[in-house]
Structures are given as structure tokens and as C-alpha cells.
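Data block below; observations after.
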Amino acid sequence: MKSLPMTAVAGICLFAGAMASIHTSPANAADVKEFYAGRQMRMIIFASPGGGYDTYARLLARHIVNFIPGNPTMVASNMPGGGGIKAVNYVARSAPTDGSVMTIVNQGIPMHQALSGKSLETDVSKFGWVGNISYSNQTFATWTASGIKSLDDLKSRQVIVGATGIGSIAAQLPTAYNNLLNAKLKIIYAYPGGNEMNLAMERGEIHARGANPLASWKATKPDWLKENKLTFLIQVGLEREPELPNVPLLTDVVKGDPDKESIARFLTNNVIVGRPFAVAPGVPKERLAALRQAYEKTVVAPKFLAEARKQKMDIRSMAGERLQALVEEILATPQSVRDRVKVAITAKGAEARKGAKKKKKKKKE
């Protein structure tokens, strides 16, 4: 699946929205409007404030309510922990399943379930996937001042990389680079989110972030890009980002090794999950349909797009039905490929350790 220009994406979204409206009976529409009228909804954000996921989630929360029947309000709440597992478990097990709670999901969660599901208390294929607001290539970026400027540097010296939970893409991709590319990345787990990892790079506590979409860098740190404070060494996606024509794709780097190529394709599928929004299993179908339709209207709305442009946020949307199919496809991956991926994203020995929380706590004291 290649990325589409915004005009094409807009057309797809409007078509999907029109098709959804065909299947919504007047009686169901009235029931949905009555349910949401005057209701305060919640947006659960698995990441800490200030990072890419948080920024996209709050943007959608501000605008989607204008297109949900009954015009409810929506309050955003951060719930970091476990690389997004804590928030997913909460939405599935504790939050209301009436359609009043949405969540942005760490894109690494479907892959985590496909490979082990450790600590995950739900089946994310049963979630109602509302839409993916932005799917941008994942990038491995070093702090330029660290002097780490090439793939050879990753293999010849120890590079300290920040990550969130072990089930997150921020941990999985750098671990894969260690195992597929013979890199020497030392991964520090337990940062609450991207903002904390960015601060850690500025302080010299870590040298790099092992995974962050280019769109997120553009939205949260445009000044860093302008001032060349970041050096991009690897990107994961279907094709190279126009802004990074000389940065190799992971599929390029492993080309020629069939086993590694199958792993890279699986990881690429996971990346396309992007910045996905979902509701818990069991939400009534007519309410899920209404939320999907509201999402599709939101991502082409002039006011929404104007705010996104102002914040330098890329909008590359995927409709809920396509996202649902993608998640199910990841979870249906043949076991032989899953086994190879498990080996690739499993940290070895002392190359990974926890410590981010302890460091932060000492600083506060």
C-alpha cells in the first residue's frame, strides 16, 4: 500500500463516509444522536503529554466531537505505562464499552499480541478500529552532536537508545536492528513518552531514539529538523519519505536474505498501523459506525486541516475498515514468520536494561 496524496486520501475518506451513511437506518441514527447528546466522552492517551501520540490524539479530540451526532464534549486523559499496554487493558477491561471512550493505541500493540501478548489482557482484533490519522515511516534518529552519523557507527560503538515499554515499537525496532544488522544498541526502557526521550537526548543521557515517525518529528520538533540536530540512519515503511531520499529502508538494508526480508516486511506492516484510534470490544455497531463516519469527516474538515498545518502535523489518513483489516492481517501472520520476528526483537544479555525512571526520580530529589 503506497502513501497517497492528501486529495486522494480525502476522496477515499468521503466515499467511505458516504457508504457508512447508507448502512445507517434513520432509527439507528436517532438512537446514536440521543446517546451522545450532552455526553462527556474520554480520549485515553497511552503516552505522556507533549509527544507525537499525545499531540495527534488531542488534535482529533478537539475536532471529532463536531461531527459525532449529538455534539458531545471530549476530555483527553494521559495513561502512560507498559508501552501502551496499560491504556489498552484499561479500555478493554475497565472503561465503559458504550462508545463513550476512545483511545489512541501504540502502533506496536498488534505486533506485540501477534508475538507474545505478554501483559496484554485483551484481543485487539476485537477492538473497534476508528481510523489511523497518520502513518509515516518510523525513523532511527541520533542526536547529531553525539557524532553517530552512519550505520557503521551503530556497529562499531555502543549507542544508547531511549524506549518506552518493552511492547512498544520504540523498543522493538532497535532490538531488531541489534539482531538483524549487528548493531550495538543499549536500550534504556521505561521513559514515559517521546517528550522525555527528547529531553534525555538534549541532556546527553541517550544518543538516539530507536523509533519515531517522521511526521511526529515534524509536528513536535520542527526546529530540530531545521537546525539539523537529528541524523536519520534508518527508516521503516513501504517507500522512502520524500524528505529522506538518502536514508535506507530496513527492507533495503536486509535485501538478499529471505528470512530477514520476511521479518522486515512484518515490521513494515506494523509501522503502517500508524497513529490508530479505537474503541473497546463490545461497543454497539451503530455507535462504532457513527464514530468512524465522524472520524472520516473530521480528517477532511477545513478547520481541522488548518490546525494540523499550523502545528506542522502530517495527516495521512486510513479509514477504520482498512485499519481493522490491517490489524487482523498482522495477527494472522504465519507462525514461521512470527517465530523469526520473535528472535529478531528479543533483547540479548545486558544490551538492554531498565533505568529511565530511576534516573528521573533522582533528578527530582
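Using the structure shown, list the pairs from LYS184/LYS218; LYS33/LYS86; LYS285/LYS342; LYS118/LYS186; LYS149/LYS342; LYS186/LYS260 with a Cα-Cα distance above 24 Å, or answer none. From LYS184/LYS218; LYS33/LYS86; LYS285/LYS342; LYS118/LYS186; LYS149/LYS342; LYS186/LYS260, over 24 Å: LYS184/LYS218; LYS33/LYS86; LYS285/LYS342; LYS149/LYS342.
Against the empirical 2.2 N^0.38 Å (N residues), region 188-260 has a Cα radius of gyration ratio of 1.24.
Using 0.36 nm per residue of separation minus the Cα-Cα distance, give me the extension gain between SER77 and LYS33 in nm, one decimal.
Working: separation 44, 0.36 × 44 = 15.84 nm, distance 2.40 nm.
Here the segment from SER77 to LYS33 would lengthen by 13.4 nm.
Among VAL124, VAL247, sorting on how many other beta-carbon atoms sit within 10 Å of each Cβ, with the fewest leading, yields VAL247, VAL124.
Estimated from the Cβ-Cβ distance and a Förster radius of 45 angstrom, the FRET efficiency linking ARG340 and ASP223 is about 0.70. Look at the alpha carbon pairs under 8 Å that are at least 6 residues apart: their mean separation over the length of region 200-334 gives a relative contact order of 23 percent.
Contour minus end-to-end for ALA145 and GLU243, with contour as 0.36 nm per residue of separation and end-to-end as the Cα-Cα distance? Walk me through the numbers before you get to the answer.
Details: separation 98, 0.36 × 98 = 35.28 nm, distance 2.08 nm.
My answer for the length gained is 33.2 nm.
Charge dipole of the chain (Cα centre as origin; +1 on each Lys and Arg Cβ, -1 on each Asp and Glu Cβ, all else neutral): 1240 debye, rounded to the nearest 20.
In the chain, the longest principal axis of the Cα atoms and the axis of helix 320-331 are about 40 degrees apart.
Extending 7 Å from Cα along the Cβ direction at GLU261 and again at LYS310 yields two label points whose distance is 4.8 nm.
If Lys and Arg each add +1 and Asp and Glu each add -1, what is the summed charge of the other residues whose beta carbon sits under 10 Å from the beta carbon of ILE85? Surrounding charge for ILE85 is +1.
What is the gain in length, in nm to one decimal, between GLU121 and GLU202 on full extension, counting 0.36 nm per residue of separation less the C-alpha to C-alpha distance? Intermediate values should be presented prior to the final figure.
Values: separation 81, 0.36 × 81 = 29.16 nm, distance 3.60 nm.
Between GLU121 and GLU202, full extension yields 25.6 nm more.
Residues with beta-carbon under 14 Å from that of ARG309, excluding ARG309: net charge, scoring Lys, Arg +1 and Asp, Glu -1? Taking every Cβ under 14 Å from that of ARG309, the sum is +3. Peptide packing: for 69-82, 210-223, the average count of neighbouring Cβ atoms within 10 Å per residue gives the ranking 210-223, 69-82, highest mean first. Using a cutoff of 8 angstrom between alpha carbon atoms and counting only pairs six or more residues apart, the relative contact order for the chain works out to 27 percent.
When peptides 48-59, 104-115, 271-282 are sorted by average Cβ neighbour count within 10 Å, with the highest value leading, the order is 104-115, 271-282, 48-59.
In degrees between 0 and 90, to the nearest 10, how far off the longest principal axis of the chain does helix 285-298 point, with axes built from Cα atoms? Once rounded, the angle reads 70 degrees. In terms of the mean number of neighbouring beta-carbon atoms within 10 Å, the peptides 336-343, 287-294 order highest first as 287-294, 336-343. Distance distribution note for the chain: the fraction of Cα pairs above 26 angstrom is 48%.
For every other residue with a beta carbon closer than 13 angstrom to the beta carbon of LEU151, add +1 if it is Lys or Arg and -1 if Asp or Glu, then tell me the sum. Numbers along the way, then the final one.
Values: positive: LYS149, LYS155, ARG157, LYS184; negative: ASP152, ASP153, ASP252.
Around LEU151, the surrounding residues sum to +1.
Rule-based calculations on the coordinates, nothing more; no lab input. Not measured: the values here are computed from a predicted model. All Cβ positions, glycine included, derive from the backbone under ideal geometry; neighbour counts span all protein chains shown.
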